[in-house]
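The values are calculated or read from the model by the stated rules, or taken from the named source; none is laboratory data. This structure is a prediction, so every number in the text was calculated from the model and none was measured. Please note: Cβ atoms are built from the backbone with ideal geometry, for glycine as well, and neighbour counts cover all protein chains shown.
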Amino acid sequence: MVLLASVYLRKVVRGARSYWDLVEGVRDPRSGKVSQRMVAHLGRDEEVRPKLESIQRSLAKLADSPLIDPRQISPDAARDIGGVWVLDQLWRELGMDSVLTEATDAETAEACFAIVASRILAPRSKLATTRWLTRSARPDGGEWDLGYQHLLRAMDAVAGAQKKIEEGVYWQLVDLLHLELTLVFVDLTSVYVEGEGQSPLWQYGVSKDGKRQNKQLLLALVVTPDGYPLAHFLFPGNRAEKVALLEMLVELRQRYKLQRCVIVGDRGLISASVIKALSEAGYEYILSLRARQSKTASAALEADADQWEAIDDNLFVQEVQIPDQPARVLLALNDDKQATDRAWREKLIEKAWVALDSLLERWESGRLQDEQAAIESATRALVQIDAHKFFRVRVTKGVLEVHEREDRLDKEARLDGVFVMQSTATGLAASEIVNAYKQLLAVERAFRTLKSFLRVRPVFHFSERRIRAHFLLCVLAYLLENHLGRRLAQAEAGISARAALEVLETLKVVDYDLPVKTSRRIRVFTKPTAAALAVISKLGLKLPKHLSLPTAA
């Protein structure tokens, strides 16, 4: 058929004959229903059909909104909109647009959303982001009017208002998500830079990425049990992690007025100075101890009374009493990990004997006669497979002797599936402390997402203000990605955030140019796939029926 806004050519069958009418769609203002009103009766099918094209052309010359043959409609290139549109809905749901607008201005807020969306959907440099913007639509379907300099100016504005933005984000999340900040998770990681790294933040230090030859900085995150990043901190790369942690906790208390709060940290952050500082600052804590190095952990294993309380099918806990230890000490046992640790050690011992049997055979055959060389060869073979601590090698009266060290094997067996925790959280049951520590995975996932999915590195900025702005926007991107994942999980959608965004890639927006005297356009979504519609529905969203049109040329 042919169309004119709400006017149509309609073919009607009456008995054995067919007729053509010109009809108009009319919406009832009260009911909202659309009915058709005849504008003109054109005649029988056999009389009108040969003249249809002529009728179209004649009406096109006379009408203000002319009739158009769909075959004459010229589509522009399709632009991606699925991921951008959904992310914009959630961005506004979190109130991030308001936070950034109040801290800076509307133009900066729009540019920041563009950077955040690109960081999630196509993480690249800011220059590459401008190319991505040409292929993507704004949430309203229009074209982005943002160039490279717009993005850099937005970053400078963010850097100038960083403290206000961070505090605005923090309080917005606390209020919107009704967060009860009784538990927060903290951890630090290193982020390296390629090249010299001129900012004072870039320093040589202990790298968690194995990049000792690269300068780095330290990134600290404070995360809720649900994975929402509440705050982040940057430190020079040569700062000791424990020192950085103490500085972060002091600032956390000063800026956000935390009252009772339990800090959950990994074993890498444990030290006497950290524990003392946590207590002096009024923080309760849950920390994991290094079972093989900590005296408290060794004492806890000795105090094991085998009085385990079941947390779930394969996880158990018991609280033990340690003399002269004011904090609570807990042992947790994972049955599955216990079996895995035992199997790994048995396989290691078996592998060690395979290597040693060959050496013993050489000794007994006389091909190896030097005692010191034999001991060194055996030790080297054991060190290569990390089994040297379980064996004793010596030569006695001309006999090469190799023995398993039963005391060390027994001690190692006691550690199978066990981890030791120390806590001052008096208001939590032992099972709650263990479950809280298990949730530390939230912050570990945040670091993995920032480093891989969102590609927080490489960092292409040189000035400290833009480096800080870059990390703030990356953390906001993680916040938005995490919120998408949480909303999908709550809706039992059975799909991850990243998979959902891949599904939404199929949704495009297209502008169609209408071939008329005065340039006209219509803007439509491409037909979404069933999978894309399912994601949108699970999020409780609905695609708009109409998209805004650009101003007529």
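Scan (1) surrounded by fewer than 14 Cβ atoms within 10 Å (Cβ to Cβ); (2) in a strand (DSSP E or B) for the single condition Lys347 breaks and write down its number.
Condition (2) is where Lys347 drops out.
Of everything in the range 167-204 that's at pLDDT 85 or above and in a loop (DSSP other than H, G, I, E, B), which residue is surrounded by the fewest Cβ atoms within 10 Å (Cβ to Cβ)?
Filtering the range 167-204 for residues that are at pLDDT 85 or above and in a loop (DSSP other than H, G, I, E, B), the one surrounded by the fewest Cβ atoms within 10 Å (Cβ to Cβ) comes out as Pro200.
Restricting to the range 274-318, count the residues that are free of Cβ contacts under 8 Å to residues at least 40 places away in the same chain and either in a strand (DSSP E or B) or among the polar types (S, T, N, Q) (or both).
7
Looking at Leu368, Leu409 in this structure, which one is assigned to a loop (DSSP other than H, G, I, E, B) and surrounded by 11 or more Cβ atoms within 10 Å (Cβ to Cβ)?
The conditions single out Leu368.
Which condition from (1) crowded, with 19+ Cβ neighbours inside 10 Å; (2) at pLDDT 85 or above is the one that Gln321 breaks?
So Gln321 meets the others, but not (1).
Check the range 139-155 and report whether any residue there is in contact (Cβ under 8 Å) with a residue 24 or more places away in the chain, under 30 Å from Thr506 (Cβ atoms) and under 22 Å from the mean Cα position of the chain (by Cα).
There is at least one residue in the range 139-155 that is in contact (Cβ under 8 Å) with a residue 24 or more places away in the chain, under 30 Å from Thr506 (Cβ atoms) and under 22 Å from the mean Cα position of the chain (by Cα).
Is it fair to say Val48 is at pLDDT 95 or above, assigned to a helix (DSSP H, G or I) and surrounded by 13 or more Cβ atoms within 10 Å (Cβ to Cβ)?
no
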